[in-house]
Amino acid sequence: MASGDLSKRIIIIGAGCFGISTAYHLLRRGYASVTVLDRSAILPAPDAASTDINRMVRSSYSDPFYSKLCHDAIDAWKDQSEWPDIYHETGVLMGGVGNDPYTEAAYRTDLAMGARVQNLPDKTKIQAVLPTGVRTGLFKGYISRDGGWVDAAKATSLMISKVRETGGQVHAEKLVRKLIRENDKTAGVECADGTTFMGDLVIIATGSWTASNFPEMRLEEKCVAAGQSVVTVQLSQEEGDLYRTCPSMVNYKTGFYIFPPNKDNILKMGKHCGGHINPVAIGESQTLVSVPRTLSSHGDDGLRVPKSMLHDIRALLATTYPDLAHKPFATTRLCWYTDTPDEDWVIGFYPSDSSLVIATGGSGHAYKFLPVIGNITADLVSGTLDPSVIKKFAVDRAFVPHAKTRSPSDTEVLLPHDLCSPEDLVPPPPAHLSSSD
Ligand SMILES: Cc1cc2nc3c(=O)[nH]c(=O)nc-3n(C[C@H](O)[C@H](O)[C@H](O)COP(=O)(O)OP(=O)(O)OC[C@H]3O[C@@H](n4cnc5c(N)ncnc54)[C@H](O)[C@@H]3O)c2cc1C
Ligand SMILES: *[C@@H]1O[C@H](CO)[C@@H](O)[C@H](O)[C@H]1NC(C)=O
(Lines give C-alpha, C1' and ligand atoms only; values in the text may rest on other atoms or scores of the structure.)
(Ligands and ions follow the chains in the order given, each with its own letter.)
Protein backbone atom coordinates (compact mmCIF):
# COMPACT_ATOMS: atom_id res chain seq x y z
CA MET A 1 0.00 0.00 0.00
CA ALA A 2 1.43 3.38 -1.01
CA SER A 3 2.16 5.67 1.92
CA GLY A 4 -0.07 8.44 0.60
CA ASP A 5 -2.99 6.03 0.07
CA LEU A 6 -6.08 7.91 1.28
CA SER A 7 -8.05 4.71 1.90
CA LYS A 8 -5.71 3.63 4.69
CA ARG A 9 -7.55 2.87 7.92
CA ILE A 10 -5.87 5.07 10.52
CA ILE A 11 -6.29 4.60 14.26
CA ILE A 12 -5.13 7.35 16.59
CA ILE A 13 -4.79 6.62 20.30
CA GLY A 14 -5.37 9.76 22.40
CA ALA A 15 -7.60 12.78 21.77
CA GLY A 16 -5.21 15.41 23.19
CA CYS A 17 -3.35 18.10 21.24
CA PHE A 18 -1.21 15.69 19.20
CA GLY A 19 -3.88 13.09 18.46
CA ILE A 20 -6.84 15.31 17.66
CA SER A 21 -4.84 17.77 15.56
CA THR A 22 -3.39 14.85 13.59
CA ALA A 23 -6.89 13.46 12.98
CA TYR A 24 -8.06 16.88 11.81
CA HIS A 25 -5.23 17.34 9.32
CA LEU A 26 -5.49 13.79 7.95
CA LEU A 27 -9.22 14.28 7.33
CA ARG A 28 -8.58 17.63 5.64
CA ARG A 29 -6.20 15.91 3.26
CA GLY A 30 -8.87 13.42 2.33
CA TYR A 31 -7.98 10.39 4.43
CA ALA A 32 -11.29 8.56 4.57
CA SER A 33 -10.97 6.37 7.63
CA VAL A 34 -9.70 8.11 10.77
CA THR A 35 -10.67 6.76 14.20
CA VAL A 36 -9.58 8.39 17.47
CA LEU A 37 -9.76 6.38 20.69
CA ASP A 38 -9.44 7.90 24.15
CA ARG A 39 -9.57 6.17 27.50
CA SER A 40 -11.50 8.95 29.19
CA ALA A 41 -15.31 8.76 29.50
CA ILE A 42 -15.41 12.57 29.32
CA LEU A 43 -13.75 14.33 26.38
CA PRO A 44 -11.53 16.20 26.43
CA ALA A 45 -10.07 14.09 29.25
CA PRO A 46 -10.08 16.18 32.47
CA ASP A 47 -6.56 15.02 33.37
CA ALA A 48 -5.02 15.41 29.89
CA ALA A 49 -2.30 18.02 29.46
CA SER A 50 -4.45 19.55 26.71
CA THR A 51 -7.32 20.30 29.10
CA ASP A 52 -7.03 23.45 31.21
CA ILE A 53 -8.43 26.97 31.49
CA ASN A 54 -5.42 28.39 29.68
CA ARG A 55 -2.21 27.59 27.84
CA MET A 56 0.37 30.13 26.84
CA VAL A 57 0.96 31.04 23.21
CA ARG A 58 4.57 32.16 23.15
CA SER A 59 6.34 32.74 19.86
CA SER A 60 9.60 33.59 21.67
CA TYR A 61 11.70 30.48 21.14
CA SER A 62 15.45 30.10 20.85
CA ASP A 63 14.81 27.64 17.98
CA PRO A 64 13.44 29.46 14.89
CA PHE A 65 11.58 26.28 13.84
CA TYR A 66 9.12 26.61 16.75
CA SER A 67 8.98 30.38 16.51
CA LYS A 68 7.94 30.20 12.86
CA LEU A 69 5.44 27.41 13.60
CA CYS A 70 3.99 29.49 16.44
CA HIS A 71 3.46 32.44 14.09
CA ASP A 72 1.57 30.02 11.80
CA ALA A 73 -0.46 28.82 14.78
CA ILE A 74 -1.24 32.42 15.82
CA ASP A 75 -2.51 33.17 12.30
CA ALA A 76 -4.86 30.21 12.73
CA TRP A 77 -5.88 31.09 16.32
CA LYS A 78 -6.82 34.61 15.17
CA ASP A 79 -9.44 33.28 12.75
CA GLN A 80 -12.63 33.95 14.72
CA SER A 81 -14.73 31.79 12.41
CA GLU A 82 -12.57 28.77 13.31
CA TRP A 83 -11.59 29.61 16.91
CA PRO A 84 -14.20 31.99 18.36
CA ASP A 85 -13.21 33.68 21.63
CA ILE A 86 -10.28 31.34 22.29
CA TYR A 87 -7.10 33.35 21.69
CA HIS A 88 -6.30 36.38 23.85
CA GLU A 89 -3.42 38.40 22.45
CA THR A 90 -2.12 39.83 25.74
CA GLY A 91 1.50 39.62 24.68
CA VAL A 92 4.04 37.49 26.54
CA LEU A 93 6.45 39.12 28.95
CA MET A 94 9.66 37.13 29.02
CA GLY A 95 11.35 37.79 32.37
CA GLY A 96 15.03 37.57 33.06
CA VAL A 97 16.60 38.81 29.82
CA GLY A 98 20.27 39.49 30.52
CA ASN A 99 20.35 36.71 33.10
CA ASP A 100 19.17 33.74 31.19
CA PRO A 101 20.76 32.32 28.03
CA TYR A 102 17.51 30.82 26.72
CA THR A 103 15.68 34.15 27.01
CA GLU A 104 18.59 35.96 25.33
CA ALA A 105 18.46 33.51 22.43
CA ALA A 106 14.67 33.81 22.18
CA TYR A 107 15.01 37.60 21.98
CA ARG A 108 17.44 37.26 19.08
CA THR A 109 15.05 34.87 17.31
CA ASP A 110 12.17 37.29 17.83
CA LEU A 111 14.18 40.13 16.31
CA ALA A 112 15.14 37.96 13.34
CA MET A 113 11.49 36.92 12.85
CA GLY A 114 10.34 40.54 12.94
CA ALA A 115 8.18 39.95 16.02
CA ARG A 116 6.72 42.95 17.80
CA VAL A 117 9.14 43.02 20.72
CA GLN A 118 10.13 45.69 23.17
CA ASN A 119 13.09 45.48 25.51
CA LEU A 120 12.24 46.24 29.15
CA PRO A 121 15.62 46.77 30.80
CA ASP A 122 14.42 48.10 34.17
CA LYS A 123 11.52 48.11 36.58
CA THR A 124 10.05 51.36 35.26
CA LYS A 125 9.89 49.97 31.74
CA ILE A 126 8.18 46.83 33.04
CA GLN A 127 5.68 48.86 35.06
CA ALA A 128 4.90 50.79 31.90
CA VAL A 129 3.53 47.71 30.11
CA LEU A 130 1.31 46.79 33.08
CA PRO A 131 -2.05 48.41 33.83
CA THR A 132 -1.94 51.38 36.21
CA GLY A 133 -2.39 50.09 39.75
CA VAL A 134 -0.66 46.74 39.20
CA ARG A 135 2.61 46.66 41.12
CA THR A 136 5.47 44.37 40.18
CA GLY A 137 8.84 43.49 41.64
CA LEU A 138 10.19 42.36 38.26
CA PHE A 139 13.15 44.38 37.06
CA LYS A 140 14.21 43.01 33.68
CA GLY A 141 12.70 41.38 30.64
CA TYR A 142 11.14 41.96 27.27
CA ILE A 143 7.68 41.72 25.84
CA SER A 144 6.56 40.17 22.59
CA ARG A 145 3.16 41.36 21.46
CA ASP A 146 2.94 38.31 19.17
CA GLY A 147 1.45 35.95 21.71
CA GLY A 148 -0.86 35.54 24.65
CA TRP A 149 -2.99 32.64 25.79
CA VAL A 150 -5.75 30.32 24.66
CA ASP A 151 -8.62 28.64 26.47
CA ALA A 152 -7.27 25.12 26.09
CA ALA A 153 -10.22 23.03 27.26
CA LYS A 154 -12.50 24.94 24.90
CA ALA A 155 -10.12 24.68 21.94
CA THR A 156 -9.50 20.94 22.37
CA SER A 157 -13.22 20.37 22.65
CA LEU A 158 -13.78 22.41 19.50
CA MET A 159 -11.15 20.44 17.59
CA ILE A 160 -12.85 17.17 18.62
CA SER A 161 -16.09 18.58 17.12
CA LYS A 162 -14.27 19.59 13.94
CA VAL A 163 -12.92 16.04 13.57
CA ARG A 164 -16.40 14.57 14.00
CA GLU A 165 -17.86 17.09 11.54
CA THR A 166 -15.29 16.19 8.90
CA GLY A 167 -16.11 12.50 9.09
CA GLY A 168 -13.72 11.26 11.78
CA GLN A 169 -14.80 8.85 14.50
CA VAL A 170 -13.93 9.82 18.07
CA HIS A 171 -14.66 7.20 20.72
CA ALA A 172 -14.53 7.94 24.44
CA GLU A 173 -14.00 5.25 27.10
CA LYS A 174 -11.66 3.20 24.91
CA LEU A 175 -8.56 2.48 26.94
CA VAL A 176 -6.10 0.84 24.56
CA ARG A 177 -4.45 -1.96 26.43
CA LYS A 178 -2.26 -3.37 23.72
CA LEU A 179 -1.18 -3.24 20.12
CA ILE A 180 -2.17 -6.14 17.90
CA ARG A 181 0.74 -7.30 15.79
CA GLU A 182 0.68 -9.36 12.57
CA ASN A 183 3.73 -10.26 10.47
CA ASP A 184 5.99 -8.12 12.68
CA LYS A 185 3.86 -5.06 12.10
CA THR A 186 1.16 -3.27 14.05
CA ALA A 187 -2.24 -4.29 12.71
CA GLY A 188 -4.63 -2.79 15.23
CA VAL A 189 -5.36 -2.22 18.90
CA GLU A 190 -7.15 -4.02 21.67
CA CYS A 191 -9.07 -2.08 24.32
CA ALA A 192 -9.57 -2.88 28.00
CA ASP A 193 -13.26 -3.61 27.33
CA GLY A 194 -12.26 -6.34 24.88
CA THR A 195 -13.11 -4.45 21.68
CA THR A 196 -10.57 -4.37 18.89
CA PHE A 197 -9.94 -1.89 16.09
CA MET A 198 -7.96 -3.09 13.08
CA GLY A 199 -6.05 -0.60 10.96
CA ASP A 200 -3.30 -0.06 8.41
CA LEU A 201 -1.62 2.54 10.58
CA VAL A 202 -1.72 3.15 14.35
CA ILE A 203 -0.65 6.51 15.76
CA ILE A 204 0.15 6.59 19.47
CA ALA A 205 -0.57 10.06 20.88
CA THR A 206 -1.12 9.20 24.51
CA GLY A 207 0.89 12.05 26.05
CA SER A 208 2.37 11.42 29.48
CA TRP A 209 0.86 7.92 29.59
CA THR A 210 2.84 6.73 26.55
CA ALA A 211 5.87 5.13 28.20
CA SER A 212 3.88 3.37 30.93
CA ASN A 213 0.96 2.25 28.74
CA PHE A 214 3.23 0.77 26.08
CA PRO A 215 6.29 -0.36 28.05
CA GLU A 216 7.44 -2.69 25.27
CA MET A 217 8.34 0.40 23.19
CA ARG A 218 10.98 1.29 25.78
CA LEU A 219 10.29 5.02 25.75
CA GLU A 220 10.78 5.46 29.52
CA GLU A 221 13.85 7.66 29.02
CA LYS A 222 12.71 9.46 25.88
CA CYS A 223 9.17 10.37 26.94
CA VAL A 224 9.21 10.94 30.68
CA ALA A 225 6.01 11.73 32.57
CA ALA A 226 6.91 14.65 34.86
CA GLY A 227 4.32 16.15 37.21
CA GLN A 228 4.27 19.94 37.14
CA SER A 229 2.70 21.96 39.93
CA VAL A 230 0.01 24.45 39.04
CA VAL A 231 -2.09 26.58 41.39
CA THR A 232 -4.91 29.08 41.09
CA VAL A 233 -6.00 32.10 43.10
CA GLN A 234 -9.60 33.30 43.06
CA LEU A 235 -9.60 37.06 42.57
CA SER A 236 -12.49 39.39 43.29
CA GLN A 237 -14.25 41.03 40.36
CA GLU A 238 -12.34 44.27 41.00
CA GLU A 239 -8.98 42.53 41.14
CA GLY A 240 -9.85 40.52 38.06
CA ASP A 241 -10.68 43.68 36.15
CA LEU A 242 -7.41 45.29 37.28
CA TYR A 243 -5.10 42.39 36.28
CA ARG A 244 -7.04 41.16 33.22
CA THR A 245 -5.05 43.21 30.71
CA CYS A 246 -1.67 42.17 32.12
CA PRO A 247 0.51 40.25 29.69
CA SER A 248 1.05 36.53 30.13
CA MET A 249 4.44 36.10 31.80
CA VAL A 250 7.17 33.50 31.88
CA ASN A 251 10.63 33.63 33.38
CA TYR A 252 13.07 30.91 32.36
CA LYS A 253 15.54 31.89 35.03
CA THR A 254 13.11 30.98 37.81
CA GLY A 255 10.60 28.88 35.84
CA PHE A 256 7.70 31.00 37.09
CA TYR A 257 4.80 31.66 34.73
CA ILE A 258 1.49 33.39 35.29
CA PHE A 259 -1.54 34.19 33.18
CA PRO A 260 -3.82 37.18 33.46
CA PRO A 261 -7.10 36.21 35.17
CA ASN A 262 -9.75 34.62 32.97
CA LYS A 263 -13.36 35.82 32.80
CA ASP A 264 -14.12 33.98 36.06
CA ASN A 265 -11.28 35.95 37.74
CA ILE A 266 -9.19 32.83 38.19
CA LEU A 267 -5.48 33.61 38.27
CA LYS A 268 -3.38 30.58 37.29
CA MET A 269 0.36 30.17 37.78
CA GLY A 270 3.02 27.50 38.03
CA LYS A 271 6.68 26.71 37.93
CA HIS A 272 8.15 25.24 34.75
CA CYS A 273 10.93 22.95 35.98
CA GLY A 274 12.14 19.35 35.95
CA GLY A 275 9.02 18.47 37.92
CA HIS A 276 8.25 15.32 39.87
CA ILE A 277 8.45 11.80 38.49
CA ASN A 278 6.48 8.85 39.82
CA PRO A 279 8.57 5.73 39.10
CA VAL A 280 6.75 2.40 39.11
CA ALA A 281 8.23 -1.02 38.20
CA ILE A 282 6.37 -2.18 35.10
CA GLY A 283 6.18 -5.35 33.01
CA GLU A 284 8.15 -8.56 33.15
CA SER A 285 11.46 -6.70 33.24
CA GLN A 286 10.20 -4.55 36.14
CA THR A 287 11.56 -1.46 34.38
CA LEU A 288 11.07 1.77 36.31
CA VAL A 289 8.69 3.99 34.35
CA SER A 290 7.26 7.29 35.55
CA VAL A 291 3.46 6.94 35.69
CA PRO A 292 1.14 9.98 35.83
CA ARG A 293 -0.70 10.35 39.13
CA THR A 294 -3.90 12.24 38.32
CA LEU A 295 -7.59 12.71 38.93
CA SER A 296 -8.35 9.52 37.01
CA SER A 297 -5.91 7.30 38.90
CA HIS A 298 -6.23 8.89 42.39
CA GLY A 299 -9.40 10.98 42.45
CA ASP A 300 -9.01 14.40 44.09
CA ASP A 301 -5.81 13.15 45.74
CA GLY A 302 -4.29 13.21 42.25
CA LEU A 303 -4.62 17.02 42.23
CA ARG A 304 -2.32 17.57 45.24
CA VAL A 305 1.11 19.05 44.56
CA PRO A 306 4.29 18.80 46.68
CA LYS A 307 4.28 21.25 49.59
CA SER A 308 7.69 22.60 48.64
CA MET A 309 6.29 23.68 45.27
CA LEU A 310 3.60 25.74 46.96
CA HIS A 311 6.29 27.62 48.88
CA ASP A 312 8.34 28.22 45.73
CA ILE A 313 5.35 29.40 43.74
CA ARG A 314 4.17 31.74 46.49
CA ALA A 315 7.62 33.34 46.77
CA LEU A 316 7.74 33.81 42.99
CA LEU A 317 4.25 35.31 43.02
CA ALA A 318 5.44 37.74 45.71
CA THR A 319 8.18 39.10 43.45
CA THR A 320 5.90 39.23 40.41
CA TYR A 321 2.68 40.66 41.90
CA PRO A 322 3.42 41.54 45.57
CA ASP A 323 -0.13 42.75 46.17
CA LEU A 324 -1.51 39.25 45.51
CA ALA A 325 1.02 37.24 47.50
CA HIS A 326 -1.10 37.04 50.65
CA LYS A 327 -4.03 35.34 48.94
CA PRO A 328 -4.91 31.71 49.60
CA PHE A 329 -4.52 29.27 46.73
CA ALA A 330 -7.94 28.10 45.58
CA THR A 331 -6.95 24.92 43.71
CA THR A 332 -3.86 22.88 42.90
CA ARG A 333 -3.16 20.43 40.09
CA LEU A 334 -0.29 18.18 39.19
CA CYS A 335 -0.28 18.38 35.41
CA TRP A 336 1.91 15.96 33.49
CA TYR A 337 4.49 16.91 30.89
CA THR A 338 5.87 14.30 28.48
CA ASP A 339 9.51 15.29 28.60
CA THR A 340 12.16 14.39 26.05
CA PRO A 341 15.85 14.89 26.90
CA ASP A 342 16.21 17.66 24.27
CA GLU A 343 12.74 19.27 24.66
CA ASP A 344 11.97 18.52 21.00
CA TRP A 345 8.85 16.47 20.24
CA VAL A 346 8.73 12.89 19.06
CA ILE A 347 6.85 12.55 15.78
CA GLY A 348 8.01 9.59 13.76
CA PHE A 349 7.61 5.99 12.68
CA TYR A 350 8.57 3.50 15.33
CA PRO A 351 11.84 1.91 14.19
CA SER A 352 11.26 -1.12 11.94
CA ASP A 353 7.46 -0.87 12.00
CA SER A 354 5.97 0.99 9.02
CA SER A 355 2.47 0.71 10.58
CA LEU A 356 3.24 2.47 13.85
CA VAL A 357 3.75 6.19 14.44
CA ILE A 358 4.51 7.94 17.74
CA ALA A 359 3.34 11.56 18.15
CA THR A 360 4.08 12.89 21.61
CA GLY A 361 6.90 14.32 23.73
CA GLY A 362 5.33 17.77 24.10
CA SER A 363 7.94 18.69 26.74
CA GLY A 364 5.63 21.30 28.20
CA HIS A 365 5.30 23.46 25.11
CA ALA A 366 3.13 21.79 22.44
CA TYR A 367 -0.35 23.08 23.15
CA LYS A 368 -0.01 26.47 21.47
CA PHE A 369 0.45 24.60 18.17
CA LEU A 370 -2.92 22.79 18.30
CA PRO A 371 -4.20 24.23 15.00
CA VAL A 372 -1.06 23.22 13.07
CA ILE A 373 0.88 20.49 14.89
CA GLY A 374 -1.11 17.67 13.31
CA ASN A 375 0.00 18.87 9.89
CA ILE A 376 3.49 17.61 10.72
CA THR A 377 2.17 14.13 11.49
CA ALA A 378 -0.04 14.28 8.38
CA ASP A 379 3.03 15.14 6.26
CA LEU A 380 4.88 12.22 7.85
CA VAL A 381 2.02 9.83 7.06
CA SER A 382 1.67 11.18 3.49
CA GLY A 383 5.40 10.80 2.91
CA THR A 384 5.87 14.53 2.30
CA LEU A 385 7.60 15.58 5.51
CA ASP A 386 10.83 17.51 5.02
CA PRO A 387 13.84 15.26 5.77
CA SER A 388 15.26 17.77 8.26
CA VAL A 389 12.01 17.67 10.23
CA ILE A 390 11.91 13.86 10.06
CA LYS A 391 15.35 13.90 11.65
CA LYS A 392 14.49 16.53 14.25
CA PHE A 393 11.59 14.52 15.67
CA ALA A 394 12.74 10.93 14.97
CA VAL A 395 12.00 8.33 17.64
CA ASP A 396 15.55 6.96 17.39
CA ARG A 397 17.47 10.25 17.20
CA ALA A 398 20.34 10.91 19.59
CA PHE A 399 18.39 13.40 21.77
CA VAL A 400 21.46 15.60 22.19
CA PRO A 401 20.58 18.38 24.64
CA HIS A 402 20.79 21.92 23.18
CA ALA A 403 19.47 25.31 24.32
CA LYS A 404 16.79 24.41 26.81
CA THR A 405 14.28 26.21 28.98
CA ARG A 406 15.27 24.41 32.20
CA SER A 407 17.74 22.01 33.66
CA PRO A 408 16.51 18.45 34.10
CA SER A 409 18.74 18.10 37.16
CA ASP A 410 16.02 19.53 39.38
CA THR A 411 13.68 16.60 38.69
CA GLU A 412 12.61 14.97 41.94
CA VAL A 413 10.73 11.84 42.90
CA LEU A 414 7.14 12.41 43.96
CA LEU A 415 6.64 11.43 47.60
CA PRO A 416 2.97 11.01 48.56
CA HIS A 417 3.63 12.08 52.18
CA ASP A 418 5.05 15.43 50.94
CA LEU A 419 1.89 16.37 49.10
CA CYS A 420 -0.03 19.44 50.25
CA SER A 421 -3.15 19.48 52.41
CA PRO A 422 -5.78 22.24 52.58
CA GLU A 423 -3.93 24.13 55.35
CA ASP A 424 -0.90 24.53 53.06
CA LEU A 425 -2.97 26.60 50.63
CA VAL A 426 -3.21 29.45 53.10
CA PRO A 427 -0.24 31.85 53.12
CA PRO A 428 2.11 32.06 56.10
CA PRO A 429 1.89 35.22 58.24
CA PRO A 430 3.01 38.35 56.29
CA ALA A 431 6.36 38.62 58.11
CA HIS A 432 7.47 35.39 56.45
CA LEU A 433 6.89 36.67 52.96
CA SER A 434 9.64 38.46 51.14
CA SER A 435 7.58 41.27 49.71
CA SER A 436 8.90 44.53 48.38
CA ASP A 437 8.22 47.89 49.98
C1 LIG B 1 1.10 22.36 33.70
C2 LIG B 1 1.28 22.41 32.22
C3 LIG B 1 1.45 23.63 31.61
C4 LIG B 1 1.64 23.72 30.25
N5 LIG B 1 1.74 24.94 29.67
C6 LIG B 1 1.81 25.05 28.33
C7 LIG B 1 1.74 26.32 27.73
O8 LIG B 1 1.59 27.34 28.42
N9 LIG B 1 1.83 26.39 26.37
C10 LIG B 1 1.97 25.29 25.60
O11 LIG B 1 2.08 25.41 24.39
N12 LIG B 1 2.01 24.05 26.15
C13 LIG B 1 1.93 23.92 27.50
N14 LIG B 1 1.94 22.69 28.08
C15 LIG B 1 2.20 21.53 27.25
C16 LIG B 1 0.99 21.03 26.51
O17 LIG B 1 -0.14 21.09 27.36
C18 LIG B 1 1.28 19.60 26.07
O19 LIG B 1 2.50 19.56 25.35
C20 LIG B 1 0.17 19.02 25.20
O21 LIG B 1 -1.10 19.32 25.71
C22 LIG B 1 0.37 17.52 25.11
O23 LIG B 1 -0.65 16.96 24.31
P24 LIG B 1 -0.73 15.38 24.18
O25 LIG B 1 -1.72 15.12 23.11
O26 LIG B 1 0.62 14.80 24.03
O27 LIG B 1 -1.21 14.82 25.60
P28 LIG B 1 -2.62 14.87 26.35
O29 LIG B 1 -3.30 16.15 26.14
O30 LIG B 1 -2.38 14.46 27.75
O31 LIG B 1 -3.48 13.77 25.62
C32 LIG B 1 -3.24 12.40 25.73
C33 LIG B 1 -4.58 11.69 25.62
O34 LIG B 1 -4.34 10.29 25.52
C35 LIG B 1 -5.33 9.61 26.26
N36 LIG B 1 -4.78 8.29 26.59
C37 LIG B 1 -3.68 8.02 27.34
N38 LIG B 1 -3.45 6.70 27.37
C39 LIG B 1 -4.41 6.12 26.62
C40 LIG B 1 -4.68 4.77 26.26
N41 LIG B 1 -3.92 3.76 26.67
N42 LIG B 1 -5.76 4.51 25.48
C43 LIG B 1 -6.56 5.53 25.05
N44 LIG B 1 -6.33 6.83 25.35
C45 LIG B 1 -5.26 7.12 26.12
C46 LIG B 1 -5.57 10.53 27.43
O47 LIG B 1 -6.84 10.30 28.03
C48 LIG B 1 -5.46 11.92 26.82
O49 LIG B 1 -6.71 12.41 26.40
C50 LIG B 1 1.71 22.56 29.46
C51 LIG B 1 1.55 21.32 30.06
C52 LIG B 1 1.30 21.23 31.43
C53 LIG B 1 1.11 19.89 32.04
C1 LIG C 1 -0.05 21.67 5.89
O2 LIG C 1 1.07 21.17 5.22
C3 LIG C 1 0.97 21.29 3.83
C4 LIG C 1 2.11 20.53 3.20
O5 LIG C 1 3.32 20.68 3.90
C6 LIG C 1 0.95 22.76 3.45
O7 LIG C 1 0.87 22.93 2.07
C8 LIG C 1 -0.25 23.41 4.13
O9 LIG C 1 -0.23 24.80 3.92
C10 LIG C 1 -0.25 23.15 5.62
N11 LIG C 1 -1.51 23.56 6.17
C12 LIG C 1 -1.63 24.16 7.35
C13 LIG C 1 -3.01 24.50 7.77
O14 LIG C 1 -0.68 24.41 8.05
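Structural remarks
- Complete set of residues in the stretch 377-390 that are surrounded by fewer than 24 Cβ atoms within 10 Å (Cβ to Cβ) and within 16 Å of ligand 1 (Cβ to nearest atom): A378, L380
- Matching option when the condition is over 19 Å from A225 (Cα atoms), part of a loop (DSSP other than H, G, I, E, B) and either under 17 Å from the mean Cα position of the chain (by Cα) or at pLDDT 95 or above (or both), among D353, D396, D379, D342: D353
- When residues of the stretch 120-153 are limited to those that are among the small types (G, A, S) and part of a loop (DSSP other than H, G, I, E, B), the one nearest to G364 (Cα to Cα): G137
- Filter pass, A366 being of a type outside the set (K, R), out of contact with any Pro (no Cβ under 8 Å at 6 or more places or on another chain) and surrounded by fewer than 19 Cβ atoms within 10 Å (Cβ to Cβ): no
- Restricted to the stretch 128-177, and to residues there that are among the hydroxyl-bearing types (S, T, Y) and within 30 Å of K253 (Cβ to Cβ), the residue that is nearest to the chain's Cα centre (by Cα) is S144.
- Within the stretch 81-94, one or more residues are at pLDDT 95 or above, farther than 21 Å from I258 by Cα, crowded, with 16+ Cβ neighbours inside 10 Å and of a type outside the set (D, E).
- Every condition in (1) within 20 Å of the chain's Cα centre (by Cα); (2) farther than 17 Å from W345 by Cα is met by S7 except one, and the failing one is (1).
- Residues within the stretch 352-363 that are away from ligand 1 (no atom under 16 Å from the Cβ) and surrounded by 13 or more Cβ atoms within 10 Å (Cβ to Cβ), tallied: 3
- Qualifying position, being within 16 Å of ligand 2 (Cβ to nearest atom), among the acidic types (D, E) and outside any helix (DSSP H, G or I), among D72, D79, D52, D85: D79
- Filter pass, V117 being open to solvent by 30 Å² or more (accessible area, probe 1.4 Å), in contact with a Leu (Cβ under 7 Å, 6 or more places away or on another chain) and under 25 Å from H365 (Cβ atoms): yes
- Residues located in the stretch 156-177, provided they are within 30 Å of D110 (Cβ to Cβ) and buried (at least 22 other Cβ atoms within 10 Å of the Cβ): T156, M159
- Scanning the stretch 154-173 for residues that are of a type in the set (D, E, K, R), touching a residue at least 40 places away in the same chain (Cβ under 8 Å) and either within 17 Å of V372 (Cβ to Cβ) or not in a loop (DSSP other than H, G, I, E, B) (or both) yields K154, K162.
- Qualifying residue in the stretch 191-201 (condition: in contact with a strand residue (DSSP E or B) (Cβ under 9 Å, 6 or more places away or on another chain), under 22 Å from R39 (Cβ atoms), part of a strand (DSSP E or B) and open to solvent by less than 10 Å² (accessible area, probe 1.4 Å)): yes
- Listed by first and then second residue, the pairs linking a residue in the stretch 365-380 that is away from ligand 2 (no atom under 12 Å from the Cβ) to a residue that is open to solvent by 10 Å² or more (accessible area, probe 1.4 Å), with Cβ atoms under 7 Å apart and 6 or more places separating them unless they lie on different chains, are A366/F18; Y367/S50; Y367/R55; K368/R55; K368/M56; K368/R58.
- Residue satisfying all of: in the stretch 55-65; open to solvent by less than 20 Å² (accessible area, probe 1.4 Å) and more than 14 Å from the chain's Cα centre (by Cα); farthest from ligand 2 (Cβ to nearest atom) among these: S60
The values are calculated or read from the model by the stated rules, or taken from the named source; none is laboratory data. Predicted model only: the values in this text are computed from it and were never measured. Note that we place each Cβ from the backbone using ideal geometry, even for glycine, and neighbour counts take in every protein chain shown. Remember, those area values only see protein heavy atoms, side chains included, never the ligands or the DNA or RNA. Shrake-Rupley method; radii C 1.70, N 1.55, O 1.52, S 1.80 Å.
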